[in-house]
Amino acid sequence: MLIERIYEDNVLGKISDERFCRMSANYEKEQKELLAAVEHDEQAVRKAEQEKIDLKVFLEAVRECTDLKELTPTIVNTLIKRIEVHNSEKGEDGLKHVPIDISFTAVGIINIPTEKELIAAMEEMRENLLKSA
């Protein structure tokens, strides 16, 4: 509608040809940007829908596996997407430790805190409770 109005204004001599060209070029540029933004947003929606489907599959598999007596290859393949075993490291206790990253289906890598991290977090929570009291 706006393009039609500025065209009519140009034909009637209300705006110059030069101004009409600039305005129509700006409208065209804006339309291209909006189309690109819509495409980007549609891709984001498709990705979110796929992640939702993956999460549903993962949750269904977890529900089936809540009372495991045995870890089977089928269960491992359903729940785990990738396992990365890193080079061994020598710990403070003198023992070798091998870091392993397990990427679960739909949720990725879950960082499980160490005992020291849990104790530090509990101490921090206690301190925060004492401060707020």
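The values are calculated or read from the model by the stated rules, or taken from the named source; none is laboratory data. Please read all numbers here as calculations on a predicted model, not as lab measurements. Please note: Cβ atoms are built from the backbone with ideal geometry, for glycine as well, and neighbour counts cover all protein chains shown. Please note that ligands, DNA and RNA were not included when accessible areas were found on the heavy atoms of the full protein model with its side chains. Shrake-Rupley method; radii C 1.70, N 1.55, O 1.52, S 1.80 Å.
Can you name the residue in the range 97-113 that is under 17 Å from the mean Cα position of the chain (by Cα) and not β-branched (Val, Ile, Thr) and, of all such residues, is farthest from residue 49 (Cα to Cα)?
111
Within the range 108-123, can you find the residues that are farther than 28 Å from residue 58 by Cβ and charged (D, E, K, R)?
Across the range 108-123, the qualifying residues are 116, 123.
Can you find a residue in the range 35-45 that is assigned to a helix (DSSP H, G or I) and open to solvent by 100 Å² or more (accessible area, probe 1.4 Å)?
yes
Quick grid of which residues meet (1) of a type outside the set (A, V, I, L, M, F, W, C); (2) in contact (Cβ under 8 Å) with a residue 12 or more places away in the chain:
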| residue | (1), (2) |
| --- | --- |
| 20 | no, yes |
| 37 | no, no |
| 55 | no, yes |
| 63 | yes, no |
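Restricted to the range 77-103, and to residues that are polar (S, T, N, Q) and in contact with a strand residue (DSSP E or B) (Cβ under 7 Å, 6 or more places away or on another chain), which residue is least open to solvent (accessible area, probe 1.4 Å)?
103
Within the range 110-125, can you find the residues that are surrounded by 10 or more Cβ atoms within 10 Å (Cβ to Cβ) and part of a helix (DSSP H, G or I)?
Scanning the range 110-125 gives 117, 118, 119, 120, 121, 122, 123, 124, 125.
For residue 106, work out the one condition from (1) assigned to a helix (DSSP H, G or I); (2) surrounded by 12 or more Cβ atoms within 10 Å (Cβ to Cβ) it doesn't fulfil.
(1)
Looking at the range 47-57, can you tell me whether even one residue there is over 30 Å from residue 1 (Cα atoms), aliphatic (A, V, I, L, M), modelled with pLDDT under 80 and assigned to a loop (DSSP other than H, G, I, E, B)?
Scanning the range 47-57, I find no residue that is over 30 Å from residue 1 (Cα atoms), aliphatic (A, V, I, L, M), modelled with pLDDT under 80 and assigned to a loop (DSSP other than H, G, I, E, B), so the answer is no.
Using the structure shown, decide if residue 18 is closer than 30 Å to residue 106 by Cβ and either among the β-branched types (Val, Ile, Thr) or open to solvent by 60 Å² or more (accessible area, probe 1.4 Å) (or both).
no
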